[in-house]
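The values are calculated or read from the model by the stated rules, or taken from the named source; none is laboratory data. As the structure is a computational prediction, the values presented were derived from the model and not from experiment. Cβ placement follows ideal geometry from the backbone for every residue including glycine, while neighbour counts extend to all protein chains displayed. Note: accessible area is taken over every heavy atom of the protein model, side chains too, but ligands, DNA and RNA are not part of it. Shrake-Rupley method; radii C 1.70, N 1.55, O 1.52, S 1.80 Å.
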Amino acid sequence: MARPKLFDPDEALDAAVAVFRDHGYAGASAEMLTEAMQIGKQSLYNTFGGKWPLYCRALERYAQTETTAHITALQGGDSAMAGIERMMKRVVTQARLPCLGVSCVAEFGSDSEGSPELARIREAGGRAMRALLVEKIRQAQVDGELAGTLEAHHAMAFLIANIAALRLAARGGAGDTELRAMARLSLQALK
């Protein structure tokens, strides 16, 4: 008869997310993971299937959490543009925390041939947020807050790239004033 788990798998997964955010896949050893997750090595394999399946689940959890936070910010403004500004402000306030999405792309690239599982997770994780961002951009154009000549999908891609740039700049030592200015400039570029 199997012994019951003496740990909460969701809490352990959250701890793994933190390790992978700080160290990436290659930099996170099994020992680092089991220590942070407060589980034994056998529990890591029995519950999560090993380091790679754990990384995939951690990336999925992170993508869901970040997407939900971005969507909440986008929906929180009095206007479409205010929602976009709220999302960018949220990114600035969170920029010092390592981004598992950015580090995943840096570590593995975006080539679905090289890591189809990661490409699927990243695509699924961001699909709803990207669609809502395109909708908000189009509404801001209708409201006259953004240039009507912009292609909404290109503007969305530009903002996503700037989100990654803000996170990398923060990790590289950019100060709060500089990060806020970068976010403001990225929004001004769409006007």
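Quick one: what pairs do we get from segment 68-82, first residue under 13 Å from L133 (Cβ atoms) and free of Cβ contacts under 8 Å to residues at least 12 places away in the same chain, second open to solvent by less than 40 Å² (accessible area, probe 1.4 Å) and not aliphatic (A, V, I, L, M), C-beta under 6 Å, 6+ apart or different chains?
If the second residue must be open to solvent by less than 40 Å² (accessible area, probe 1.4 Å) and not aliphatic (A, V, I, L, M), the pairs left are G77/G83.
Before we move on, is D78 part of a loop (DSSP other than H, G, I, E, B) and at pLDDT 90 or above? Write out each step before concluding.
Numbers: part of a loop (DSSP other than H, G, I, E, B): yes; at pLDDT 90 or above: yes.
Judged against the criteria, D78 is a match.
Within segment 105-191, considering only helices (runs of 4 or more DSSP H) that don't extend past its boundaries, which have at least 1 residues that are touching a residue at least 12 places away in the same chain (Cβ under 8 Å) and touching a His at 6+ places or on another chain (Cβ under 9 Å)?
Working: elements: 116-142, 152-171, 176-188.
Hits in segment 105-191: 116-142, 152-171.
So T177 passes all but one of these: (1) within 15 Å of the chain's Cα centre (by Cα); (2) open to solvent by 80 Å² or more (accessible area, probe 1.4 Å). Which condition number does it fail?
If we test T177 against (1) within 15 Å of the chain's Cα centre (by Cα); (2) open to solvent by 80 Å² or more (accessible area, probe 1.4 Å), just (1) comes out false.
Enumerate the pairs (first residue in segment 11-35 and under 16 Å from C104 (Cα atoms); second residue anywhere and at pLDDT below 95 and part of a loop (DSSP other than H, G, I, E, B)) with beta-carbon separation below 8 Å, excluding pairs fewer than 6 apart on the same chain, so at least 6 apart or on different chains.
Close Cβ pairs (under 8 Å, with a partner that is at pLDDT below 95 and part of a loop (DSSP other than H, G, I, E, B)) amount to R21/L97; R21/P98; R21/C99; D22/P98.
Within the group R86, R61, which residue is part of a helix (DSSP H, G or I), open to solvent by 10 Å² or more (accessible area, probe 1.4 Å) and under 25 Å from G24 (Cβ atoms)? So that I can check it myself, show each step before the final result.
Details: R86 fails: under 25 Å from G24 (Cβ atoms).
Within the list R86, R61, the selection yields R61.
Is it true that some residue in segment 32-42 is out of contact with any helix residue (DSSP H, G or I) (no Cβ under 6 Å at 6 or more places or on another chain), part of a helix (DSSP H, G or I), modelled with pLDDT under 95 and under 20 Å from E117 (Cα atoms)?
No; the residues of segment 32-42 include none that is out of contact with any helix residue (DSSP H, G or I) (no Cβ under 6 Å at 6 or more places or on another chain), part of a helix (DSSP H, G or I), modelled with pLDDT under 95 and under 20 Å from E117 (Cα atoms).
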